[in-house]
Amino acid sequence: MTTATETTARTGSAAAASPQPSANPNTALWEKGDFTRIARTMRESGEALVRSIGVAPGERVLDLGCGDGTTALPAAQLGADVLGVDIASNLVRAGQARARAAGLANLRFQEGDACALGELEDASFDLSVSIFGAMFAPRPIDVARELVRVTRRGGRIVMGNWIPDDPTLVAQVLKTSAAYTPPPPAGFVSPMAWGVEAQVIERFAAAGISAERVAFTRDVFTFRFAGTPAAFVDEFANWYGPTMNAFEAAGRNGKAGALRDALVALFERQNQSARPDATVIPATFLRVTVSC
């Protein structure tokens with residue numbers, strides 16, 4: 001079943017269908033610090049997720065908000081032709097270096113904005129993936145429209161999105177950090193809304209996708225860090241843009257120590273490692289599968 005909206009989204013030229021680019025504040029956020037330090041703790045789950053979604057050799061795959069390739073690289077290792085797109089130039093360079101080191105000629109990285117992928121042609125991909133990436137873009141309906149536009153009819157979109165108020169790690173890190181930061185500006189749309197099924201359905205409906213073609217399941221990403229929970233907190237504080245911002249705001253109010261104590265307590269509660277020198281923390285997320 002194809003709606004008029006879907007037809008427009010799929011058959012218009014890339015330049016006409018794609019929203020006009022505008023300044024995206026996420027560039028500075030994700031170029032801050034070095035997210036690769038956190039991404040290293042997510043590699044095993046990234047590989048498992050790619051296997052579970054059934055990436056096929058020769059398939060054209062877009063990884064949107066790819067970071068340095070936690071899911072893009074294993075998809076290419078399975079034989080897919082993969083393009084990783086990220087808004088942060090430092091993460092694109094890191095991904096390119098990983099692809100060269102792995103000898104993967106079928107894996108490319110380039111800079112791009114998930115809200116406006118005008119450089120990508122309509123129906124370019126069999127599978128479009130975004131795991132904890134495009135959910136952070138500031139214009140979610142534009143993200144949904146662009147994902148639908150660049151994915152061929154009969155293809156799939158798979159998103160992994162953190163869930164608001166979930167009791168596991170990432171939602172609680174963001175919730176704890178928010179208590180120490182100023183309120184967001186007017187018009188701010190929380191990235192965590194991508195973890196609400198009704199919101200996801202509404203956004204893809206705006207892109208011409210009916211609700212029955214959007215499926216949901218709860219899944220788990222496990223963070224594995226070779227160090228104590230307190231040392232893992234310091235990785236977030238020193239290298240993860242959102243947490244760095246939270247510590248800067250807390251520091252201006254003399255509360256950086258309180259924020260660190262709260263996060264250390266959180267990480268220690270959630271740590272499932274039996275070893276004192278290792279941290280293993282699972283985090284629940286919403287897996288979204290869209291049949292295009």
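The values are calculated or read from the model by the stated rules, or taken from the named source; none is laboratory data. It should be emphasised that the depicted structure is a prediction, and the values quoted were computed from it without experimental measurement. A quick note on method: Cβ atoms are made from the backbone with ideal geometry, for glycine too, and the neighbour counts reach across all protein chains shown.
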Within segment 201-213, can one find any residue that is crowded, with 16+ Cβ neighbours inside 10 Å, at positive phi and small (Gly, Ala, Ser)? yes
Among strands (runs of 3 or more DSSP E) entirely inside segment 25-142, those with 2 or more residues being of a type outside the set (S, T, N, Q) and in contact with a Lys or Arg (Cβ under 9 Å, 6 or more places away or on another chain) are 81-86, 107-111, 125-131
When you go through (1) buried (at least 19 other Cβ atoms within 10 Å of the Cβ); (2) charged (D, E, K, R); (3) in a strand (DSSP E or B) one by one for Arg218, which number turns out not to apply? (1)
Of the numbered conditions (1) touching a residue at least 60 places away in the same chain (Cβ under 8 Å); (2) under 20 Å from Thr289 (Cα atoms), Asn238 satisfies every one except a single condition; which is it? (2)
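Every residue, every condition in (1) surrounded by 23 or more Cβ atoms within 10 Å (Cβ to Cβ); (2) in contact with a helix residue (DSSP H, G or I) (Cβ under 8 Å, 6 or more places away or on another chain); (3) under 16 Å from Ile157 (Cα atoms); (4) not aliphatic (A, V, I, L, M), yes or no:
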| position | (1), (2), (3), (4) |
| --- | --- |
| Gly69 | yes, yes, no, yes |
| Ala72 | yes, yes, yes, no |
| Asp86 | yes, yes, no, yes |
| Leu104 | no, yes, no, no |
| Ala114 | yes, yes, yes, no |
| Ser124 | no, yes, yes, yes |
Select from segment 241-276 the residues that are polar (S, T, N, Q) and in contact (Cβ under 8 Å) with a residue 60 or more places away in the chain and write down the one among them that is surrounded by the most Cβ atoms within 10 Å (Cβ to Cβ). Thr243
For segment 266-280, state whether one or more residues are within 17 Å of Gly133 (Cα to Cα) and either small (Gly, Ala, Ser) or out of contact with any Phe, Trp or Tyr (no Cβ under 9 Å at 6 or more places or on another chain) (or both). no
With the structure loaded, tell me whether Trp194 is of a type in the set (Phe, Trp, Tyr) and within 24 Å of Phe247 (Cβ to Cβ) or whether it fails that test. no
Looking only at segment 41-59, decide whether some residue is in contact with a helix residue (DSSP H, G or I) (Cβ under 7 Å, 6 or more places away or on another chain), β-branched (Val, Ile, Thr), over 23 Å from Phe225 (Cα atoms) and modelled with pLDDT of 95 or more. yes
Which one of these does Gly155 not meet: (1) part of a loop (DSSP other than H, G, I, E, B); (2) within 23 Å of Gly84 (Cα to Cα)? (1)
Can you pull out every residue in segment 99-129 that is closer than 18 Å to Arg43 by Cα and touching a Ser or Thr at 6+ places or on another chain (Cβ under 9 Å)? Val129
Among the residues of segment 168-200, the number that are crowded, with 19+ Cβ neighbours inside 10 Å and either over 17 Å from Arg269 (Cβ atoms) or touching a strand residue (DSSP E or B) at 6+ places or on another chain (Cβ under 6 Å) (or both) is 9
